[in-house]
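Written below as structure tokens is the structure these notes are about.
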Amino acid sequence: MRCVVQRSGPAHVDIAGETVGAIDRGLVVLAAFAPGDTEVELAWMARKLPALRLFNDGQDKMNLSLRDTGGGILLVSQFTLYGNCRKGNRPSFVGSAAPEQAAGLYARFGELLRHEWPTVAEGRFAASMDVSLSNQGPVTVIVDREAEV
């Protein structure tokens, strides 16, 4: 499982001009799933994200998490995070879970995330989305959790 996490001010996801998910501030999470991902990886990531210390404290150091500052999580599925661009000019997505599997993983991850954090907004799996955010800092991190084999 792979997530790109951005510290954000106001953020929203629109589909065909309609806002389907929005937060005032917090984390925008782009999530991708690999074929071997299981409940173990999903639960680990759901616990990890609200605890990431990506927000500044009184000394302007990144020492605070969502658990300290509040805010929301805007979750967006993005299979292209597993795009392999090493060979040629067209990315290969063989490292991404098949759409049928990824849809289930995304739905379950959203459930687990809501158990860990009260404010979770989402995009829509496999939809063409417009994601707007105000990346603050800017702060962007990649969080990977390899499936245990």
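Overall form of the stretch 1-74: oblate. Here a/c, set by the Cα gyration tensor axes a ≥ b ≥ c, is 1.5 or more, and a/b is not larger than b/c. Modelled spin-label separation between E146 and A16, with each label point placed 7 Å from Cα along the Cα-to-Cβ direction: 4.2 nm.
For the chain, what value does the Rg/Rh ratio take when both radii are computed over Cα atoms and Rh is the Kirkwood radius, given to two decimals? The partial results should precede the final answer.
Values: Rg = 15.2 Å, Rh = 15.7 Å.
Reported Rg/Rh (Cα atoms, Kirkwood Rh): 0.97.
Beta bridges per DSSP, both residues in the stretch 2-144: antiparallel share near 75 percent.
Put a plus charge on the Cβ of each Lys and Arg, a minus charge on the Cβ of each Asp and Glu, and nothing anywhere else: the dipole of the chain about its Cα centre is then about 380 debye.
Using only Cα atoms and rounding to the nearest 10 degrees, what angle (0 to 90) does helix 39-51 make with the longest principal axis of the chain? Its long axis makes an angle of about 20 degrees. Principal-axis analysis of the Cα atoms of the chain puts helix 99-116 at an angle of about 20° to the longest axis.
Our estimate of slack between V131 and W44, defined as 0.36 nm per intervening residue step minus the Cα-Cα distance, is 28.8 nm.
Values quoted throughout were computed directly from the atomic coordinates according to the rules given, and no laboratory measurement underlies them. What you see is a predicted model; the values in this text were computed from it and never measured. No Cβ is skipped: glycine too gets one built from the backbone with ideal geometry, and neighbour counts run over all protein chains shown.
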